[in-house]
1. Identify, among Pro151, Ser183, Ile198, the residue whose Cα sits farthest towards the positive end of the charge dipole of segment 134-211, taking +1 on the Cβ of Lys and Arg and -1 on the Cβ of Asp and Glu, with the dipole about the Cα centre.
2. Keeping the other protein chains in place, figure out the carbon and sulfur percent of the accessible area of segment 193-260, with a 1.4 Å probe.
3. Taking a 25 Å limit on the Cα-Cα distance, which of the listed pairs Lys119/Lys319; Lys119/Lys278; Lys319/Lys481; Lys318/Lys373 fall beyond it?
4. Return the aspartates and glutamates within reach of Lys122: Cα separation strictly under 18 angstrom, same-chain partners fewer than 8 residues apart disregarded; answer none if there are no such residues.
5. What full-extension length gain, to one decimal in nm, is calculated for Lys122 and Leu512 as 0.36 nm per residue of separation minus the Cα-Cα distance?
6. Quick check for you: which residues of segment 371-394 have the amide N under 17 Å from the point 7 Å beyond the Cα of Asp354 toward its beta carbon?
7. Rounded to the nearest 20 debye, what is the charge dipole size of the chain about its Cα centre when +1 sits on each Lys and Arg Cβ and -1 on each Asp and Glu Cβ?
8. If you roll a 1.4 Å probe over the heavy atoms of the protein chains, what accessible area per residue do you get for segment 279-464, in Å²?
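The values are calculated or read from the model by the stated rules, or taken from the named source; none is laboratory data. Please read all numbers here as calculations on a predicted model, not as lab measurements. Cβ placement follows ideal geometry from the backbone for every residue including glycine, while neighbour counts extend to all protein chains displayed. Calculation scope for accessible area: heavy atoms of the full protein, side chains included, ligands and nucleic acids excluded. Shrake-Rupley method; radii C 1.70, N 1.55, O 1.52, S 1.80 Å.
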Amino acid sequence: MAQTQKAVGRNGKRTNGRSASSRPSVKTYNNYIGGEWVPSAGGEIFENINPADTRDVVGRFALSTEDDINRAVDAAATAAAHWRRTPAPRRAEILFRVGEILIRNKSQYAAEMTREMGKVLKETGGDVQEAIDCTYFAAGEGRRLHGFTTPAEMPDKFAMCVRQPVGLCGLITPWNFPMAIPSWKLLPALICGNTVVIKPAEDTPLSTVNLVEACAEAGVPAGVVNLVTGYGEAVGAPLVKHKDVRLISFTGSTETGRTVAAGCAERNAIPALEMGGKNVQIVMDDADIDLAIEGAVWGAFGTTGQRCTATSRIVVHKKVYRQFTKKLIERAEGLRIGNGADPKTDVGPVINADAVHKIMGYIEIGEREDGAKLALGGKRLTRGEHARGFFIEPTVFTDVAPEMRIAQEEIFGPVTAVIPADSLDQAVEIANGVRYGLSAAIYTRDVNRAFHAMNEMYTGIFYINSATIGAEVHLPFGGTKATGNGHREAGTQVLDIFTEWKSVYIDYSGRLQRAQIDQAEPQ
Ligand code: NAD
């Protein structure tokens, strides 16, 4: 098969097909459609490259097009009736088996994720663990999926509401949580009785292949889960516009999310969007400063700052500003940057060359901003162990003003902006003064201040004395403003994405009883 396929490299740059096929040890992964692993309709492939060492080709993946999406949607449509009618507790039994397979393969999946995505092994283990937790959480819903009963207006009449599956769901995911985010969508969609076509990010298809393989091994019937790999325009866009796809669950940038929403609006499909963030940690003058430093370093530089919930702003009370920034710089200076597969590494590479370009561009913007100081980092590392990868130093800007671009725009890299504030009210105003609304944190020992901030922050997630990152799967996850469009993933709230309500009235009076909407006066 490899001989007939043309290799296409990262970001769509064509590579020499012969040199790609001259590395026979590199495995080729296919699409999963109708229960079969099949090459793309056009026979083309793209390479998945290790961001810590670009000589390392993790695998070759099907470079798909609209034809592959059409096949996958047909397979999902064919499987829909049987899966919808399979009782939810039976569906759950299969999902529990998925969880067991993920547990069995956890260390292999984590190692493969570090290789394709770059984050350190401890974090990729956490990413797989999140998928395991999500599996058990979703499977548990197989014996709940609660609806409700409620009194009717009339005697001898019964009223209840039941959930019904939305139908055929398209799932489009980003690269920064390559198994956790697909699991947040896939497993709730399945327990609710939907069939799916999933399109993972082009930078991290292997972790989704692993998740889908686990589903296949666990006995998810053919056609219920379909996987199509490839690029956004070529594969994501046809999925969004396909007439048979009822719902698109998308996680990614706000810009792409807007395109997805517009595509859904064209044909009255449902968009459920999780998008960008510009998250904030507030540090008050009464805070435990060492704890606040731990939270800031973890929130800003964990996953190399490539989390939607990353701490990209730190608003610090002026009374502790000097002490906080000094300690922050000392602590961040000690972080070890390298290949995430090395257990000594704290901060891995960023995802690809485009990310380097974007992040370095923001560092230049920050350096040009009048008043902001580049207090730590700011350079791309290109020598020795860093020569072949996409490594950027943890970077701290201090004396940042709230309106500066580095304090307003999502950078999605190891860069944080420290902003001074005079009071809690001013800190909250600064914190709320961005277009995103995903995660916020406050460090204070004063319960009144903590609750005041909790009440005033317009975000989907809020932490007290804890970093802006670290969601748990049984609580709803999502954001306000440009971060989301009103849906929440995880928690039981995710069921409202993947089901629709049906109100049911049963009249056992044996006569026509008119509801109050049809009467001039209540009887
Ligand atoms: P992205 O928007 O570039 O891509 C996301 C997905 O959309 C990918 O699979 C991509 O191939 C696909 N896509 C691209 N163009 C498309 C199109 N025209 N039609 C349909 N699909 C298309 O985002 P990314 O770089 O992969 O991820 C980083 C972004 O994701 C950041 O903004 C981050 O904040 C956000 N994110 C948000 C959350 C959250 O829950 N709010 C979680 C993780 C990441």
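1. Pro151
2. Values: 970 of 1790 Å².
On segment 193-260, the fraction of accessible area on carbon and sulfur atoms equals 54 percent.
3. On the way: Lys119/Lys319 35 Å; Lys119/Lys278 20 Å; Lys319/Lys481 31 Å; Lys318/Lys373 16 Å.
From the list (Lys119/Lys319; Lys119/Lys278; Lys319/Lys481; Lys318/Lys373), the Cα-Cα distance tops 25 Å for Lys119/Lys319; Lys319/Lys481.
4. Qualifying aspartates and glutamates at Cα under 18 Å: Glu112, Glu130, Asp133, Glu294, Asp342, Asp346, Glu472.
5. Details: separation 390, 0.36 × 390 = 140.40 nm, distance 6.46 nm.
Length gained between Lys122 and Leu512: 133.9 nm.
6. 390
7. On the way: 58 positive and 61 negative charges, 203 e Å.
For the chain, the charge dipole is close to 980 debye.
8. Details: 7700 Å² over 186 residues.
That works out to 41 Å² for each residue.
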